[in-house]
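All remarks here apply to the structure that follows.
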Amino acid sequence: MKESFQSLFKPFVFANGVRLSNRIVMAPMTHSSSNADGTVSEAELRYYARRAGNAGMVITGSAAVAPNGGFPGSAAADRDELIPGLSALAAAIQGKGAKAVLQIAHGGRKCPPFIPDIVSASPVPEREGAVVPRELAEEETPEETLTPGITLADTLELVEAIAAERLDYLHVSQNDFWSVPNGESGGRTYVEIIQERAGGQIPVIGAGSIRAAEEAVRALQSGIPLIALGRELVMEPDWLEKIAQGRENEIRTTLSRHDQHRLAIPDPLWGIIMRVPGWFPVEPEA
Ligand SMILES: Cc1cc2nc3c(=O)[nH]c(=O)nc-3n(C[C@H](O)[C@H](O)[C@H](O)COP(=O)(O)O)c2cc1C
């Protein structure tokens, strides 16, 4: 391995003592491939197992924390019957040496219109003509919305709640999310709830169009402790292994139309990737 890439393989320890064996995180990516009842599917297990050996930590695609908070094919984390499947998913990831993190989310007003009881922080539709969501009562948000997922995620080691640009799923204002206590009840904000579970510290994870090893190293040098790879790990499940073996020149940064099975990409995810032009760099037909 090139010496300049060694920083990628430096362990990272969270404040709560959980240790990652390297600095690469698999970014949360919805794969639309869970079973219709929200349980973990075989295709999903194969997809994560194929990639987990190339990350210190795998963050799953978002799992719905309520029956009215999911999308077709998304995982669910809103009831106890789901624990065996989520445990199997954690075991598949941990079996490859990575930590397993469940991303929990509520799709809010972005959920498909056929879902009964679309909710949001205010009765404002996502766009003109979309369903007007029912306004969440104060006791329904935010702690009550997240708690089922957080409790279930105790079967895994860490939990991540979807934030950032996704705030508009529940149409929660940025201020509410980051700093304002929940109403007069002395409740806590999302971040307080998550920080408590994370042992008081949430490190920043850099993400977005990081493809080459050099780019990841530069991001670490800028002071960001962890680097998440999303599309790159879909296209190249052996990313870190190739770097470790000095084969970084063999890292694939495009997707061949013939690679679905080699890459263990489930049918629904493959279909979505192929239908959305420009999202992934798909090689033109030869
Ligand atoms: C197929 C796909 C599904 C995604 N689903 C989620 C998701 O469920 N939750 C989330 O926070 N981000 C999601 N993202 C965003 C990624 O986590 C990541 O931030 C983004 O793809 C940018 O990183 P990249 O350039 O390495 O792909 C998704 C991205 C992709 C490509």
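Quick note: the coordinates plus some simple rules give every number you see, no bench work behind them. Everything numeric in this text was worked out from a predicted model, so none of it was measured. Cβ sites come from the backbone with ideal geometry, for glycine too, and all protein chains shown count toward neighbours.
One table, with the values for the structure above:
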quantity	calculated
Net charge dipole size for segment 1-47 [Lys, Arg +1 and Asp, Glu -1 on Cβ; Debye, nearest 20]	360
Peptides ranked, highest mean first, by Cβ atoms within 10 Å: ranges 218-229, 85-96, 57-68, 124-135	57-68, 85-96, 218-229, 124-135
Debye-sum result for segment 219-286 in log10 I(q)/I(0), which assumes one identical scatterer on each alpha carbon, at q = 0.19, 0.23 Å⁻¹	-0.84, -1.07
Residues in segment 250-286 that a label on residue 42 would reach, taking backbone N under 19 Å of a point 7 Å out along Cα→Cβ	260-270
At q = 0.18 Å⁻¹, base-10 log of I(q)/I(0) for segment 21-69 (Debye sum, equal scatterers on each alpha carbon)	-0.60
Charged-residue dipole, Cβ positions (Lys, Arg, Asp, Glu), segment 1-138 about Cα centre, Debye nearest 20	840
Rg followed by Dmax, in Å, when segment 1-141 is reduced to its Cα trace	17.9, 56
Selection from 106, 66, 45 lying farthest towards where the dipole of segment 17-147 points positive, charges on Cβ	45
Residue 122/residue 35 FRET efficiency (R0 30 Å; Cβ-Cβ; nearest 0.05)	0.35
Extension gain (nm, one decimal) between residue 134 and residue 247, 0.36 nm per residue minus Cα-Cα	35.4 nm
For peptides 264-275, 100-111, sequence by mean Cβ density within 10 Å, most packed first	100-111, 264-275
